[in-house]
Amino acid sequence: MIKVGIIGVGTVGTSVVNILKDNQEIISARAGTKIEVKSGVVRDLSKKRDLDIILSDNADDVLNDPEIDVVVELMGGVEDAFEVVKRALKNGKAVVTANKALLAYHRYELQELAGDLAFEYEASVAGGIPIINALRDGLSANHIQSIMGIMNGTCNYMLTKMSAEGVSYTSILKEAQELGYAESDPTFDVGGFDAAHKLLILASIAYGIDAKPEEILIEGIQNITQDDISFAKEFGYRIKLLGIAKKIGNEVELRVHASLIDEDEMIAKIDGVMNGISVVGDKVGETLYYGAGAGGDATASAVIANIIDIARSGKSKPMLGFDKPLEGGLKLKAIEEIESKYYLRINVSDKAGVLSKITTIFANHNISIETILQRPSRDASANLLISTHTAIEKDIQNMILSIEELDFVNSKPVMIRIV
Ligand code: NAP
Ligand code: HSE
């Protein structure tokens with residue numbers, strides 16, 4: 001018998017308790033032993049919950065319980081969760097977590113602290129999709145050339161609905177929160193940080209690279225409007241929030257941002273809360289992983305897979321996939337050197353000479369325009385929708401600064417990278 005203590009019994013924790021009960025027979029058959037939740041910890045004991053496990057509001061009740069073999073951390077956050085899992089490991093317990101924010105900051109320290117104890121985190125990336133397993137075990141014979149995909153269910157759900165039904169950003173964010181997809185602070189979702197946390201975890205497994213969120217390019221979907229969505233449709237693109245890791249020579253490029261993708265690409269067709277991640281290995285070629293990226297049951301499915309794995313072997317794998325550091329190592333590519341094609345939306349006063357001044361600034365920054373569209377509006381302003389040939393990030397950023405200074409430019413230009 002394996003006894004589990006869950007710290008954080010909210011959306012995911014409740015699903016873990018329920019699935020362990022609903023699927024008890026098949027889970028025991030696969031694990032070779034019974035798995036039982038002994039107790040759980042929540043913040044507010046007065047909340048009404050439909051749960052038949054012992055609950056406490058003191059993490060020590062789980063961490064110091066000698067009968068508990070596996071501590072499942074589902075409380076979220078970074079530093080408090082770090083303290084909890086450190087104490088669990090110190091007390092000799094295996095740990096399972098779905099907490100990507102914790103791993104984005106502390107994964108290497110946790111690998112060190114775990115030593116021979118199992119520390120598993122399948123649910124931390126792409127909810128129910130077994131992407132950690134695939135990358136760490138299934139593709140371990142390969143040099144990973146790239147990882148690219150939709151890693152945040154909330155943003156994908158929002159962008160899909162905004163595009164298909166024209167609904168407003170605010171109402172659709174509320175819906176994603178009600179469905180249990182969003183983080184407790186949804187800025188993590190819409191600001192791109194949650195996808196970045198996941199990308200950093202995957203990059204460690206793929207490349208052995210220890211990068212922090214502050215070191216990589218992270219942008220969200222807060223500025224996307226129906227104008228951008230209709231430009232995308234007109235030019236055969238879909239807008240998706242993508243996480244991208246690419247090995248170029250001895251450098252790794254890591255970035256998260258809204259992207260225009262050709263509508264015929266498989267990733268462009270992944271809609272709703274679904275996530276989809278393409279991983280290219282030098283020997284296997286392209287592999288694609290698709291499934292529910294958020295939601296209680298899908299995420300709990302991955303959490304329980306980790307508990308079953310621990311019940312079967314009790315052993316630790318190299319947590320981040322490398323038994324020893326890669327010789328020579330790979331370096332993080334500087335953000336300003338990233339190359340891409342770009343789309344810009346510039347709101348201007350609609351008057352003579354505007355277009356020529358704008359195109360001159362593009363040329364002065366070595367940026368070549370591919371397409372240009374002018375959308376007039378009733379208030380004597382117009383949106384210029386411009387796409388570029390491949391350019392360098394620092395040139396684009398400098399060009400945007402120059403454009404912002406023009407007196408006929410009404411607001412900060414919106415930029416979306418074309419992938
Ligand atoms: P949630 O619904 O907000 O649940 C969090 C739970 O933790 C609640 O039970 C809360 O107690 C408890 N809690 C929070 N702070 C605590 C503290 N200091 N001490 C004790 N208990 C505390 O969150 P969730 O959606 O289940 O997410 C949990 C984790 O899974 C997060 O790391 C999240 O990023 C990750 N994750 C979530 C999803 C998803 O689709 N939801 C998918 C993948 C990964 P109260 O109930 O009393 O408030
Ligand atoms: N808030 C996250 C998302 C949960 O929407 O993808 C899954 O990690």
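Values for this structure:
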quantity: Extension reserve of the residue 335-residue 323 stretch, reckoned as 0.36 nm per residue once the Cα distance is removed; calculated: 1.4 nm
quantity: Distance between modelled label sites at residue 288 and residue 3, nm, 7 Å Cα→Cβ extension; calculated: 4.7 nm
quantity: Probe 1.4 Å, accessible area per residue of the chain, Å²; calculated: 44 Å²
quantity: Apportionment of accessible area to carbon and sulfur, the range 140-291, percent (1.4 Å); calculated: 49 percent
quantity: Per residue convex hull volume, Cα atoms of the range 335-418, in Å³; calculated: 81 Å³
quantity: Counted charge near residue 68, where neighbours are those whose Cβ lies closer than 13 Å (Asp, Glu -1; Lys, Arg +1); calculated: -3
quantity: Residues residue 402 and residue 262, FRET efficiency given R0 of 25 Å [Cβ-Cβ distance, rounded to 0.05]; calculated: 0.25
quantity: Label point 7 Å beyond Cα of residue 368 along Cβ direction - residues of the range 400-419 with amide nitrogen under 18 Å; calculated: 418-419
quantity: Summed residue charge, Cβ within 10 Å of residue 377's Cβ, Lys/Arg positive, Asp/Glu negative; calculated: -1
quantity: Under 5 Å, built H, 5+ apart or other chain: amide partners of residue 119; calculated: 95, 317
quantity: Accessible surface of the range 375-419 [probe 1.4 Å, protein heavy atoms]: carbon and sulfur percent; calculated: 50 percent
quantity: From the C-alpha gyration tensor of the chain, square roots of 5λ in Å; calculated: 43, 24, 18
quantity: Charge-dipole axis of the range 169-250 as Lys and Arg at +1 and Asp and Glu at -1 on Cβ define it, positive-most pick from 226, 245, 216; calculated: 245
quantity: Segments 58-71, 124-137, 377-390 sorted - mean Cβ within 10 Å per residue, highest first; calculated: 124-137, 58-71, 377-390
quantity: Counting all C-alpha pairs of the range 1-151, share separated by more than 18 Å (%); calculated: 60 percent
quantity: Computed E for residue 168/residue 380 - FRET, C-beta separation, R0 41 angstrom, nearest 0.05; calculated: 0.95
quantity: Helix 193-207 vs. the chain, principal-axis angle (Cα, 0 to 90°, nearest 10); calculated: 70 degrees
quantity: P(r) tail fraction, the range 114-250 - alpha-carbon pairs more than 18 Å apart, %; calculated: 60 percent
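The values are calculated or read from the model by the stated rules, or taken from the named source; none is laboratory data. Keep in mind that this is a model prediction, so the values were computed, not measured. Counting neighbours? That spans all protein chains shown, and the Cβs are built from the backbone with ideal geometry, glycine included. The protein model used for the area step is the full one, side chains on, heavy atoms only, and it has no ligands, DNA or RNA in it. Shrake-Rupley method; radii C 1.70, N 1.55, O 1.52, S 1.80 Å.
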